[in-house]
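Heads up: the structure comes next, in structure tokens.
The values are calculated or read from the model by the stated rules, or taken from the named source; none is laboratory data. Bear in mind the structure is a predicted one, so any value in this text is a computation, not a measurement. Heads up, the Cβs are rebuilt from the backbone with ideal geometry, glycines too, and the neighbour counts pull from every protein chain shown. These area figures cover heavy atoms from the full protein model, side chains too; ligands, DNA and RNA do not enter into them. Shrake-Rupley method; radii C 1.70, N 1.55, O 1.52, S 1.80 Å.
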Amino acid sequence: DGRVHTLRETIDALRNEFKLTDEERKELLPSGRQCVFDNRVGWARTYLKKAGLLEAPRRGHVVITDRGRSVLAQEPNRIDVKFLEQFAEFIEFRDSSRNHDDDDTNAPTSTVEAGTPEEALEASYLQLRSTLADEILEKVRESSPEFFERLVVELLVAMGYGGSRKDAGERVGRSGDEGIDGIIKEDRLGLDIIYIQAKRWESSVGRPEVQKFVGALQGQRARKGILITTSAFTRDASDYAGNLESKVILIDGKRLAQFMVDFNVGVSPVTSYEVKRVDTDYFVED
């Protein structure tokens, strides 16, 4: 329309133009810090500015340029990265962001077309995380039952239950434990106790196993328990646990591995990347 618009106005107009559903409007990037659509509009604005189709008359605002009007007059089927490659300014921007100062940096241009840089980065992170979780679970399945029981208690301590490893949890896991493999304090003062059963099952865990654990809890007059397996739970077992008066949490192998990654149990950081944005407040002149 030839008028100056803020990014928020642009996002709202495009949401209506594309008739996004509420779910599509609210969908977040994997980091949970920004809406996917907002992120894509922001990067589309950046690409169009770098190609000379938009310009910023003042901070946080954009308006179409003469080149932009000329492009629209051609009535192109779509304006994407490939289309913008006809403009030398965009080629320069793309190549500089890919290569920086090193000639040996080989970032594929297809990642730009597949999504925004944030989406590509977070998708790669999730893929690495998923692979790591699979490797962790395989290691856990290869460990001894005693090691697995200790691991579970240490994980719960790392998640914030109790205080130190010495004070918060203890492994039972011996003859006469009546199906209880560990005991952990719910808080530092030990106001409540959580009982744990940790088993390295190969096949899915069904309702009978959950019922046995519930029976062991009742024998201890316990109100809370955590049943952990390296495999999975059947739907019947999950439904049964969800309808109990006492609180019984089921953790399967996939969730166990994810928790280990989240709380740095059995893993160690290798590399970290800090993603930054422009601090617009810094550039406000009095």
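Can you give the relative contact order of the stretch 1-84 as a percent, counting alpha carbon pairs under 8 Å and 6+ residues apart?
Here the relative contact order equals 30 percent.
Compute the length gained on full extension between I91 and D134: take 0.36 nm times their separation in residues and subtract their Cα-Cα distance, giving the result in nm to one decimal.
Length gained, I91 through D134: 11.5 nm.
Could you check the simple spin-label distance between D12 and E202, using points 7 Å along Cα→Cβ, in nm with one decimal?
Reported label-point gap for D12 and E202 is 6.2 nm.
Solvent-accessible area per residue for the stretch 1-81 at a 1.4 Å probe radius, Å²? The partial results should precede the final answer.
Details: 5550 Å² over 81 residues.
Ligands and nucleic acids excluded, the result is 68 Å² per residue.
Can you tell me the FRET efficiency between K254 and V4 if r is taken as the Cβ-Cβ distance and R0 is 51 Å, rounded to the nearest 0.05?
0.55
For the stretch 31-44, just list the computed ³J(HN,Hα) in residue order, Karplus coefficients 6.51, -1.76 and 1.60, θ = phi - 60°, integers in Hz, with x standing in for Gly and Pro.
So the Karplus estimates, Gly and Pro as x, are 6, x, 9, 8, 5, 4, 5, 4, 4, 5, 5, x, 6, 4 Hz.
Using 14 Å as the cut-off for backbone N distance, which residues of the stretch 242-286 belong to the label zone defined by a point 7 Å from the Cα of Y125 along Cα→Cβ?
The answer is 262, 270-277.
Label the stretch 36-87 by shape, choosing from rounded, prolate and oblate, from the square roots a ≥ b ≥ c of the eigenvalues of the Cα gyration tensor; if a/c is under 1.5 it is rounded, and otherwise prolate applies when a/b is larger than b/c, oblate when it is not.
oblate
What spacing in nm lies between the two simple spin-label points modelled at D192 and E23, each 7 Å away from Cα in the Cβ direction?
3.4
Over the stretch 220-270, calculate the relative contact order: mean separation of alpha carbon pairs under 8 Å at least 6 apart, over the residue count, as a percent. Don't skip to the end; give the middle numbers.
Working: 43 pairs, mean separation 20.0, N = 51.
The value is 39 percent.
Give the residue list of trypsin sites (Lys or Arg not before Pro) in the stretch 220-277 that are DSSP loop and have at most 11 other beta-carbon atoms within 10 angstrom.
R221, K276, R277
Between the stretch 203-221 and the stretch 22-96, what is the C-alpha centre distance in whole Å?
Cα centroid to Cα centroid, the span is 57 Å.
With label points built 7 Å along Cα→Cβ from the Cα atoms of M159 and Y282, find their separation and express it in nm.
Label at M159, label at Y282, 4.0 nm between them.
For the stretch 35-83, what is the relative contact order in percent, using Cα pairs closer than 8 Å and at least 6 residues apart in sequence?
Value for the stretch 35-83: 22 percent.
Which chymotrypsin sites (Phe, Trp or Tyr not before Pro) in the stretch 175-278 sit in a loop by DSSP (not H, G, I, E or B) and have at most 11 other Cβ atoms within 10 Å of their own Cβ? Provide the component values of the computation, followed by the final result.
On the way: sites: Y195, W201, F213, F233, Y240, F259, F263, Y273; in loops: W201, F263, Y273.
When the chymotrypsin sites (Phe, Trp or Tyr not before Pro) of the stretch 175-278 are filtered for loop state and at most 11 Cβ neighbours within 10 Å, Y273 remain.
Between N77 and R59, what length comes free when the chain is fully extended (0.36 nm per residue of separation minus the Cα-Cα distance, one decimal in nm)?
3.4 nm
Would you kindly derive the ³J(HN,Hα) couplings of the stretch 130-146 from the backbone phi angles with the Karplus curve 6.51 cos²θ - 1.76 cosθ + 1.60 (θ = phi - 60°), listing them in order in whole Hz, with x for Gly and Pro?
The phi angles translate into 4, 5, 4, 4, 4, 5, 4, 4, 5, 5, 4, 5, 7, 7, 6, x, 5 Hz.
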